[in-house]
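Working notes, beginning with the structure itself.
The values are calculated or read from the model by the stated rules, or taken from the named source; none is laboratory data. This one's a predicted model, so the numbers in the text were calculated from it and none came from an experiment. Methodologically, a virtual Cβ is constructed for each residue, glycine included, from the backbone with ideal geometry; neighbour enumeration extends over all protein chains shown.
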Amino acid sequence: MKSWANIYAAGALLLICAIDDASASGLPGYSGVNLNLRSGPSTRFPIGGVLGAGSELTIHGCVAGYRWCDVSAPGVRGWASGGHIQFTHQARRVYVPAYAAQVDIPIIAFQAASYWSDHYREYSFYRDLDYWNNYHWENDGSPPGWRSNWDDDYAGHEY
């Protein structure tokens, strides 16, 4: 009897881990344009990679307001303007800032030291980590492709 309880408990634990892994993997998305993946949420951060328009990617989260999102594709990871990232919502491609709140794209923080240690140790710009770790990217203004009326895309739809 005890062994069946242990088997059920182990199965439940594996299911919970699988669910956690699935949610940690991110939301499938697409590059709306040829997209520079930056090493931080600003056009001033060095480029860590480039994706062609229409490329598949994974959205891991965005900073507040969805202006910049942490994304990845095979072999590359970086930050891109939310205004250039799409995902599928109700059978159509939509831009992140207009619909992110409806699908609960997580709001995440950016901290250069840990992000760069995880993703850019082998890049030549890694030697400049001290500078970028103290950089105040929040003051850089709007990213490429940004507009102030993203809510207009969502207005009038009944969901």
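Odds and ends about this structure:
A quick yes/no check of all residues on (1) among the basic types (Lys, Arg); (2) over 19 Å from Ala73 (Cβ atoms):
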site	(1), (2)
Gln86	no, no
His89	no, yes
Arg92	yes, yes
Tyr95	no, no
Gln102	no, yes
Ala112	no, yes
Arg127	yes, yes
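- Under the condition of being within 13 Å of Arg44 (Cβ to Cβ) and modelled with pLDDT under 95, the residues counted in segment 102-133 number 0.
- Filter pass, Ser72 being outside any strand (DSSP E or B) and either modelled with pLDDT of 95 or more or among the acidic types (Asp, Glu) (or both): no
- Residue within segment 34-47 that is within 17 Å of Val103 (Cα to Cα) and touching a strand residue (DSSP E or B) at 6+ places or on another chain (Cβ under 9 Å) present: no
- Filter result for the condition that a residue is closer than 18 Å to Pro144 by Cβ, surrounded by fewer than 20 Cβ atoms within 10 Å (Cβ to Cβ) and not hydrophobic (A, V, I, L, M, F, W, C), over Gly49, Gly83, Gly40, Gly78: Gly49
- Restricted to segment 107-124, and to residues there that are part of a loop (DSSP other than H, G, I, E, B) and in contact (Cβ under 8 Å) with a residue 60 or more places away in the chain, the residue that is farthest from Pro28 (Cα to Cα) is Tyr123.
- In segment 52-66, the residues that are buried (at least 22 other Cβ atoms within 10 Å of the Cβ) and either more than 12 Å from Ser81 (Cα to Cα) or touching a Pro at 6+ places or on another chain (Cβ under 7 Å) (or both): Leu57, Tyr66
- Residue within segment 39-46 that is modelled with pLDDT under 95 and closer than 23 Å to Asn134 by Cβ present: no
- Filter result (among the hydrophobic types (A, V, I, L, M, F, W, C), closer than 20 Å to Asn149 by Cβ and in contact with a helix residue (DSSP H, G or I) (Cβ under 6 Å, 6 or more places away or on another chain)) within segment 86-114: Val96, Ala98, Ala100
- Some residue of segment 125-142 being buried (at least 17 other Cβ atoms within 10 Å of the Cβ), in contact (Cβ under 8 Å) with a residue 40 or more places away in the chain and assigned to a helix (DSSP H, G or I): yes
- The residue that is surrounded by the most Cβ atoms within 10 Å (Cβ to Cβ), among those in segment 86-106 that are in a strand (DSSP E or B), in contact (Cβ under 8 Å) with a residue 60 or more places away in the chain and more than 12 Å from the chain's Cα centre (by Cα), is Tyr95.
- Residue match in segment 107-121 (condition: surrounded by 12 or more Cβ atoms within 10 Å (Cβ to Cβ) and more than 18 Å from Arg38 (Cβ to Cβ)): yes
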